[in-house]
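S.K.: Quick one: structure below, then a few questions.
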Amino acid sequence: MIALKKNNLEFLFLFLITFGYIFIYSLALPTKIPNEYFSIPFKSMVLLASLYLIFLNFDNVIKRKWTIICIGLFWLFYAAKSYYSFQNYTFTPEAKSMQYWTYFKIICVNLIPSIAILSIKITKEMAEKLIHLTFHFLLIMIGISCLYTIFISQTFSRATGIFDRYYITAGHYGLCLMILSVFYYFVNSKKIVKPALGFLMGLFTVYISSARSPVLATAVIILIMLLYINKLKYWLALAFFILIFVAGIYFIRNSTYATEYIVRLYDAIFEGNAYGRSYYLEKGWEIFENNILFGGRTLFENWMYPHNIFVEVPMAMGITGGILLILYFKDLWKFRLEYIKQNIFYLPYFLFFIQYWVLVQTSYCIFDNVEFWCFAAVIISIILFCYDEKIKSNDSRGNATGNY
């Protein structure tokens, strides 16, 4: 009975921290109540649940201690550098006022929940139930968001629908539903209605968000899948699609039907326009060059950032931070394709990680990329579980043959 309750708590926690939180961000706009009244209590609840799970699963925390130590060192060093930055660098009054909220996000929103995720053994059965629940949850939430957009807000550019989030984040919610819709179609191609509906609603959400990173993330995911399949007909199909897509963007941009999203895509493809990101990238790299070992300030004086984790980490933490980031993901080397082949329901989580890996190279600062760190912890936990199960399986076969 105790094990059953713990499994239910772990299941609920993983659902809430990966996608269930989206519900909280859907309450502010319709009720016209500031989002802080919903998000802060929710974050506090997740923090308490994280601490409780760490306590319950302390044996697994000890077992995975080196992974958790590496992750802890990364976040604690970043927290120390953030404190140093606020004490020794100039910030605008508005940025300065966010000092303690920054510490809260680093420790309570990123570090502790990541440890809690790593304390959970994400079994095949749990993953299958989570994906099933997540798919239907997103169908409902994004379905409501689409209806809200069409009939109430009637905003179709940089729109977030019903969600009180930045438009780029809302676009990635749509991509998550598209991923799950395609996944469910291939799992059971006879049931096409829900996957088709989900794909169209996800595509609509991406389109009205006007965010370009979901398009880039989609391209990266397709490329990885094609590298795995590696058949000429699919490469030719991709080349043909890219040609049609790029030509379509060019001709629509130069017609009377161009929308803001088409203009933004055109600017990215044909003009290399990153809308100011190049300036912040260069500024971040300059800070790193002047502070190579431990990095300089963690944020610019106006609260901006380089918009790329592979520049921001060196800027904020120097070579030391780069080493800690590599150690953070050291367990990725234990990944084997057979883990997914043996349980296909692990696949969406790796695809979610890939899309948010693309996002951290274009948007947000380190501590605000919560989804990226969340799915990083999920896939690391999956890899460690599968790796341990493989070792147990090999040991049992060795013992069966034995030395007699």
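The values are calculated or read from the model by the stated rules, or taken from the named source; none is laboratory data. Since we're looking at a predicted model, the values are computed, not measured. Cβ sites come from the backbone with ideal geometry, for glycine too, and all protein chains shown count toward neighbours. In case anyone asks, the SASA skips ligands and DNA or RNA and just uses the protein heavy atoms, side chains included. Shrake-Rupley method; radii C 1.70, N 1.55, O 1.52, S 1.80 Å.
S.K.: Can you name every residue in region 58-78 that is buried (at least 17 other Cβ atoms within 10 Å of the Cβ) and without any contact (Cβ under 8 Å) to a residue 40 or more places away in the chain?
M.R.: Trp75
S.K.: Still on this structure: Which condition number does Ser181 fail, the rest of (1) closer than 23 Å to Ile131 by Cα; (2) part of a helix (DSSP H, G or I); (3) open to solvent by 60 Å² or more (accessible area, probe 1.4 Å); (4) not acidic (Asp, Glu) being met?
M.R.: Result: Ser181 fails condition (3) only.
S.K.: Now for a different question. Inspect all residues belonging to region 298-314 and state whether any of them is open to solvent by less than 10 Å² (accessible area, probe 1.4 Å), of a type in the set (Ser, Thr, Tyr) and more than 30 Å from Thr90 (Cα to Cα).
M.R.: Checking region 298-314: not a single residue is open to solvent by less than 10 Å² (accessible area, probe 1.4 Å), of a type in the set (Ser, Thr, Tyr) and more than 30 Å from Thr90 (Cα to Cα).
S.K.: Based on this model, can you work out whether Ser39 counts as under 30 Å from Trp333 (Cβ atoms) and of a type outside the set (Asp, Glu)? So that I can check it myself, show each step before the final result.
M.R.: Details: under 30 Å from Trp333 (Cβ atoms): no; of a type outside the set (Asp, Glu): yes.
Judged against the criteria, Ser39 is not a match.
S.K.: Let me ask another. Of all residues in region 208-241 being small (Gly, Ala, Ser) and assigned to a helix (DSSP H, G or I), which is surrounded by the fewest Cβ atoms within 10 Å (Cβ to Cβ)?
M.R.: From region 208-241, those small (Gly, Ala, Ser) are 209-211, 213, 217, 219, 237, 239; that's our starting set.
Right, trim to assigned to a helix (DSSP H, G or I) and you get 209, 213, 217, 219, 237, 239.
Numbers: Ser209: 29, Ser213: 22, Ala217: 26, Ala219: 14, Ala237: 12, Ala239: 10.
Here the residue is Ala239.
S.K.: Just checking, does region 108-124 include any residue being buried (at least 20 other Cβ atoms within 10 Å of the Cβ) and farther than 30 Å from Met317 by Cα?
M.R.: Checked region 108-124: at least one residue is buried (at least 20 other Cβ atoms within 10 Å of the Cβ) and farther than 30 Å from Met317 by Cα.
S.K.: Oh, and also: I'd like to check which helices (runs of 4 or more DSSP H) are fully inside region 307-381 and have at least 3 residues that are among the aliphatic types (A, V, I, L, M) and out of contact with any Ser or Thr (no Cβ under 9 Å at 6 or more places or on another chain).
M.R.: Details: elements: 309-328, 337-342, 347-359.
Those helices (runs of 4 or more DSSP H) span 309-328, 347-359.
S.K.: Which numbered condition trips up Tyr339, out of (1) surrounded by fewer than 22 Cβ atoms within 10 Å (Cβ to Cβ); (2) within 17 Å of Thr169 (Cα to Cα); (3) of a type in the set (Ser, Thr, Tyr)?
M.R.: That leaves (2) as the condition not met.
S.K.: Restricting the search to region 22-34, which residues are within 26 Å of Leu9 (Cβ to Cβ) and either in a helix (DSSP H, G or I) or open to solvent by less than 30 Å² (accessible area, probe 1.4 Å) (or both)? Steps first, please.
M.R.: In the first step, residues of region 22-34 are kept if they are within 26 Å of Leu9 (Cβ to Cβ); the result is 22-27.
Passing the criteria: Ile22, Phe23, Ile24, Tyr25, Ser26.
S.K.: In region 63-86, is there at least one residue being polar (S, T, N, Q) and not in a helix (DSSP H, G or I)? If you could, list the steps in order and put the result at the bottom.
M.R.: Kept after step one, since they are polar (S, T, N, Q), are these residues of region 63-86: 67, 82, 85.
Checking the rest, the ones that are also not in a helix (DSSP H, G or I) come to none.
No; the residues of region 63-86 include none that is polar (S, T, N, Q) and not in a helix (DSSP H, G or I).
S.K.: Further question: What are the residue pairs meeting all of these: first residue in region 211-234, first residue of a type in the set (Phe, Trp, Tyr), second residue open to solvent by 40 Å² or more (accessible area, probe 1.4 Å), Cβ atoms under 8 Å, and 6 or more apart or on different chains?
M.R.: Every condition considered, the pairs that remain are Tyr228/Leu337.
S.K.: Residues that are in contact with a His (Cβ under 9 Å, 6 or more places away or on another chain), at pLDDT below 90 and either part of a loop (DSSP other than H, G, I, E, B) or among the aliphatic types (A, V, I, L, M) (or both): does region 252-274 have at least one? Full working, then the answer.
M.R.: First pass over region 252-274, keeping only residues in contact with a His (Cβ under 9 Å, 6 or more places away or on another chain): 274.
Now restrict to residues that are at pLDDT below 90: 274.
Subset that is either part of a loop (DSSP other than H, G, I, E, B) or among the aliphatic types (A, V, I, L, M) (or both): 274.
Yes, region 252-274 has at least one match.
S.K.: Going by the conditions given, is Leu281 farther than 30 Å from Phe186 by Cα and of a type in the set (A, V, I, L, M)? Talk me through it step by step, then tell me what you get.
M.R.: Details: farther than 30 Å from Phe186 by Cα: yes; of a type in the set (A, V, I, L, M): yes.
Yes; evaluated as a whole, the condition is true for this residue.
S.K.: Go over the candidates Lys105, Lys81 one by one and state the one that is within 23 Å of Pro34 (Cα to Cα), open to solvent by less than 40 Å² (accessible area, probe 1.4 Å) and among the charged types (D, E, K, R).
M.R.: Going through Lys105, Lys81 in turn, the sole match is Lys105.
S.K.: Which of the residues belonging to region 195-207 are open to solvent by 70 Å² or more (accessible area, probe 1.4 Å) and over 24 Å from Ile17 (Cα atoms)?
M.R.: Initially, region 195-207 is screened for residues open to solvent by 70 Å² or more (accessible area, probe 1.4 Å), giving 197, 199-200, 203, 207.
Scanning region 195-207 gives Leu197, Leu200, Tyr207.
S.K.: Determine which single condition Ser157 fails, assuming it passes every other condition in (1) in a loop (DSSP other than H, G, I, E, B); (2) farther than 24 Å from Phe11 by Cα; (3) open to solvent by less than 10 Å² (accessible area, probe 1.4 Å).
M.R.: Ser157 satisfies every listed condition except (3).
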